[in-house]
Structures are given as C-alpha cells and as structure tokens.
1. Give me the Å³ per residue figure for the convex hull around the C-alpha atoms of the chain.
2. Go through 73-80, 265-272 and give me the packing order, highest mean Cβ count within 10 Å leading.
3. Based on the mean of other beta carbon atoms within 10 Å per residue, what is the order of 140-152, 277-289, most packed first?
4. Considering the dipole of the chain built from charges on the beta carbon (Lys and Arg +1, Asp and Glu -1) around the Cα centre, which of ILE445, GLN461, THR704 is farthest to its positive end?
5. Take the solvent-accessible surface of the protein heavy atoms, probe 1.4 Å, and return the percent of it on the chain that carbon and sulfur atoms account for.
6. Which of the helices in the chain, when you take each full DSSP H run, stretch at least 27 Å along the axis at their Cα atoms and have an average Kyte-Doolittle score of 0.0 or higher?
7. Net charge near ALA373, counting Lys/Arg +1 and Asp/Glu -1 over other residues with Cβ under 13 Å of its Cβ?
8. LEU300's amide H: which non-local residues (gap 5+, or another chain) put their own amide H closer than 5 Å, with H modeled 1.01 Å from N in plane and none for Pro or chain starts?
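The values are calculated or read from the model by the stated rules, or taken from the named source; none is laboratory data. All values derive from a computational prediction rather than experimental measurement. Neighbour counts run over all protein chains shown; Cβ positions are idealised from the backbone, glycine included. Accessible surface is based on the protein model in full, side chains and every heavy atom, while ligands, DNA and RNA are left aside. Shrake-Rupley method; radii C 1.70, N 1.55, O 1.52, S 1.80 Å.
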Amino acid sequence: MQRDQHMLSASVRLTKDIPKDILNENQRIAIEHDQGPMLILAGAGSGKTKLLTHKYSHLINKFSKSDNEATILALTFSNNAAEDMRKQISNLLSQENENINLDDNWIGTFHYMCNRILREDIHAIGYHNNFIVYDSFDQSTLIKHILKDLNIYEALYMGIASKIDYFKTSMITAEELLQKGSGYDFDEKIVKVYTRYQDELKKTCVLDFNDLVMLTIKLFEEHPDILDKYRNLFTHILVDEFQDINFAQYKLLLMLANSNNNICVVGDDDQSIYKFKGSDVDNILTKFEQDFPKSSIVKLEQTYRCSQNILDASHSVIHKNINRRSKQLWTTKGSGEKVNHHWFMTEEEEARYITKTIKDLYLKGDYTYDQIAILFRVNLVSKVLENQLKAERIPFNVIGDTNVFLNKEIKDIVSYIRLTLNKDDNVSLRRIINTPPRGIGSATIKKIELLAKKEGISLYQAAKNTLDLKGISSLIKDKLSSFIALVDDISSQSYENVVEAIKYIDNLIGYTTTLDDEQLKSIFELMSNNADTKLVRFLDTVSLKKETDFVSDKGRISLTTLHNVKGMEFPVVFITGLEEGLLPHFKASSSSSELEVERRLFYVGMTRASDKLFVTGAKKRRIYAKYQTQEPSRFLLDMPRECCHWAVQQPIVIQSTLKHIQPSPVLVAPTIFPYNTGCRVRHPKWGVGVIRDCYGENDDVRVTVNFPDVGIKRLALKFANLERI
C-alpha cells in the first residue's frame, strides 16, 4: 500500500545498550525511535511484548542518564498482559538498578488507567472518589431489575447489556439518543432502559466498565487543566493491541498525546476480531496516520512462534481479506509438520478423534496436557468435546468460565465490603439484605424499593425512611433497624486491609458458619491472596478482572473460543467446527466486512499453534435442538495444498468442496434461519410472541414460539405467516 512507503530504514542509528543477540533489526529500530509518533505492525508471534518491554526500559534508562525523568503510560488489553509486561520490565531494569520499583508505574489496561485517574479527580464532575465499579455480572443484575420494574419481557432484550456497552464505547449518551433518536438504529424501550440504568448508577455513585473511559473523557473535556496535568505527566505513550481500540479509547489517546506526539502503537490489523465490542480496524489501517501524519512505520514480520507450514497456511487464508496491510511472516524454525485437516461424519467421531490424538501425544511424552488447546467459534461445539474428554479422564479447563469472583460466597463477601465504602450501592445491598437470613422478606424489600423509586434515593436511604412509615409492624422495624445498624457499623470502621474487613464482618454476621468446606476454602484463598491489599484496590481488582484473566491450571487442556484465545499460544492446537454457518458464522455470510472479521478470527486461531495444527469439522452436528447437515468451511479452500494434509473420511461427499485443483469450487450453503432466538414476531391469530428455537432445513424450517397469552407453539415457517417486529 502507498502508506507503507515511508517505513523506517535500517540506517537508523542503533545504540549500544540494546542487546543485539536477542532482538532482530526491526525490533531494534523500533526501540531506538523515541521522538514522535510510531506505528509498529507486528505479525503474530513476532515478539511485540519483548519489543515493548525493551522499549520501556530503554526510554527509562536513556532519560535517567540525561537527568530527565520519564513517565511512560503503557497500555495493554488484559490484566495478565499488563502483569507480564510489568515483570519483564522490572527484570530488565533491575539488571542496571537493583533498587528499581515499579509499584507506582502506569502499566495496565485502559480501564485500569482511567480508574486511577478518576479515583483522584472524579469529584470534579460530581461523583464521590470512593465510587464502586460494577463488573459484567453486577451490570446484568441491575439491568434485569430495571427490566422487571419497567414490565419489559426480559427474553426480548437479552442483548441489551451489549447494546448499552456499544453506546458507551461509541460515546453516545442516553440524552443524545433521546434528542437525536432518528439518527440511530435503536429500540425506544432500549433507550428507556439505558436512561434508567444511567440514573441508577449516578444516584448510587457507581460506574460500570465502560463508564471508566467515558467519564475520563468527560472529565478532560470539562476540565482542560486536569487534562493538561496528565498530558504533561506522560512523556511517552505505548499502546499494545492497537487494532482492538474502540472509538472512546482512541479519542482518549488523541487527548492524552502531548505536543511532542511521543506515542507508539503496536498492533496487527489481521488480528482485529472484536468488532462486536466496538473496535475499529480503521484506527490502525488509516486513522492513526491521518491524525499523526509524521508517523514512522516499522513492520515485524519475523515470527518466533509458528513453523513455516502453519505460517503459509494462515497467510493464504488472511491474504483473501481486501481491507488489510500487506505482511509476509517468516521464520527460521523450518517447515515443521503440515496442517492436518480431518472431516468426520458426526461430531461424536470428531470428538473421539481429538481425544485419542491428545492421549497419544501425551502418552508418548511429546506434550503435556497444558501445552494443548481446543478452540471453537461458538460454545455449542464444546459440549460433545467436554463429554468425551471426561469419558477419557483427560483433565481440562474451559477458559472464560472460571472467574472465581463470581462464586456465590465471594460475591456475598465482596458485596459486604462494597457497602463499607458506599452504603448506597443498590446491587450489593439487595444481595446481602437477607444473606445470611435475617427475616427481611420480599414484601418488605418491595416496599423499600417503591419508596426509593418514589423519592429518587438509594435503597439504604429508603430502608432508613421505611422505619417512619405507618403500617410497618414493629417486628419488621426491629429487623430493618438491626440491618441498618449493621451496615452503619461496618461502614464506620477503618480497615487496614481486606483480611481485616472480612474478619470484622464475619464476626458480626457469622457468615462463614453457613458455608461448606469448598466455600470456606474459597474464602480462605481470597484472604491469603489479598493479605495486605487495601479495600479500594481490592474492589477495583475484582471489578476490572475479566474471565480470560483466569487461565487454565497447569496440567490441563485449555478449551476456549477463538475470541478468548487472543494473546495465548500453545504447541498443539485443534480448531473444531470448521463448517459453514459456524466458521464463518452464518450471521456474517451476507456482509463482506463481517466475513473479513471471521477470516481474521480463523487466522488468530491458526497462529496460536507453534508445532502442530489440526482443523476439523463434521457433516452432522447438533445445533441447538436438532442435528443439521454441515458443509466444510469456505476458508479451507484458501489453504494451500502443499502445506496441508487432508484426511477426509468421506471423499465422495466433500471431494468437490475441498479439491484445490479446481479453480472455482462451489460450497453448498447451510440452512440460514430467518429468526434468531429471542426475536419478536407477530402471528395473525395469537399476537406477539418470542422465537425460542429454529430448526429443520431447506423448505421444511420450523419454529418454536412462546406466545404469552396462549403458550408454546411449534409452527412450520412456510405456513405460519409470522411478521418480524
């Protein structure tokens, strides 16, 4: 592309303190560049983490030698990546300075950085500095309560949390939706829920995940002096995974870049897979150079992870994307094994083959279980695999399904701790008002909620006011008084750390006496891991942790989606369910841009493998309630024959699909269902209903619909005369 012609040449002066033996030439060039904007296009496994850590330590060392202090803002996209970066930088800097301390560094995620800024300055926009941050579970809990209160059928709005997240990452407020509604594609009820949701958060001094970025921008816009403080603080900005930046995050970067524009972003447009979360690949393709026209560009094309066969196969797939920047990855590892493709008659055969292959690799001593991963596009593929792994007694973990902070006993304790800082936290108060049981029933809670809604106050304040209402029995008043006194007591104490708070709370309520051994173990581990952690820091850690931050235990196979595997690597990788309708997903089939995202998703999965890559599919797969006939993914046609091994068990059935010598092979498309689960439809006789299931094929597609007034109906779609609402 034209924009790649002004890349840095190898003639840039290289300093002596950058090690030549562990960094390649382009990495060294990128590290040496320390003035002005830079875009680093880093292919999969090309050592971008090593580059960033060396660049960070190089900048610190260079400025310290010139008696100028450097404060570097280093942004990553996961807590694990930030922790890994912090450790590596500490090791590098400690080689020259044994007393190096990174405790006060600015290394972390966007949300970590924004949370830290808001903790200090959010009072300027009308919030208390001891605000609470809700995680996705708390967000969902609050939204469900609002839906119930507004008499909105929850099943119709299962994706409303994602829509609210989208509005916030796009910097669209509820007020703007109401004022400019015709300019947005939205449902009036969604705006109503969004408005109520934001009111609830503001009223109780609570932020959700996306508020952290959104309100930081609001803070900077309304208080330029605060923005200048941070602009002047950060001498350099380093950004990892730049291809995953959303609109709000990119706007924040533009605001923080100082007059010197010392901003260095690292990313790979071929790995931009989070469009559904608001990330915009155009940020790395065009916008960065438009906003920073004097940007220098470096490509990292030498990969240290994959063998050449895996690189060639994955490059042939991603090369089909039009909207990308050219890169040709190469390695010194050699050709390695060919990519294995296996096609099976059923998903059960597929699962048996995968588990047998894994067991063989393990028993031969070639690989341990934790060196193996099984990846899939959609979670429904996982169930048969999990059952087969259990049958073979092969240990595994499902990444993204192991957030210990979602365990009931942990959520209960966290809710009590939150109330020590913010008594107006409604979600936490609802959770613990009768935990452990203290005789405050649902009828009493309903009265408190009605009073809170009427007076526009928090549940805690409403509970206090309820004591003055007529018609409340003395027994209920006594129980409410005791509960309010408990909340006042725990919130009035000064706790040195989390452990002290847990012990004090448990001494008052005897919570641990209600737990079984496994739950007690969970509480003790929580206390052990946070022995010296301050309360605010602990609560921030709980809220800012993502499911993917809890990786697989050692000695276990990792099962996870292609979206969750980003940033990981394994010697052996299986990608399952490589079928039309699954990968690429059927929702992407009609859009070229969505199809490119699906191709990137497959590319990400392929490039997680360093030694062995298996891609599998099945002709018959159970999708929701029915078995369907599947066709091989079109992406298989992009993989070169010479670097792949095709083990097709039914050559007559799919030979025409996978025969690469044919110039224009034709794939038979799977059945595309016209309605998604949760979709609202209208029937001429039974009125409005909700789609519960869609199944069948060709002209015999059937639907299961729940009509509130008449119940469940199973209908043949071609005779049903349904109208989408």
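1. Taking the convex hull of the Cα positions in the chain, it is 197 Å³ per residue.
2. Descending mean neighbour count gives 265-272, 73-80.
3. Answer by packing, highest mean first, reads 277-289, 140-152.
4. Going by the Cα projections, it comes out as THR704.
5. 49 percent
6. On the way: long enough: none.
Length and hydropathy pass: none found.
7. +1
8. Distant-sequence amide H within range of LEU300: LEU41, ALA42, GLY43.
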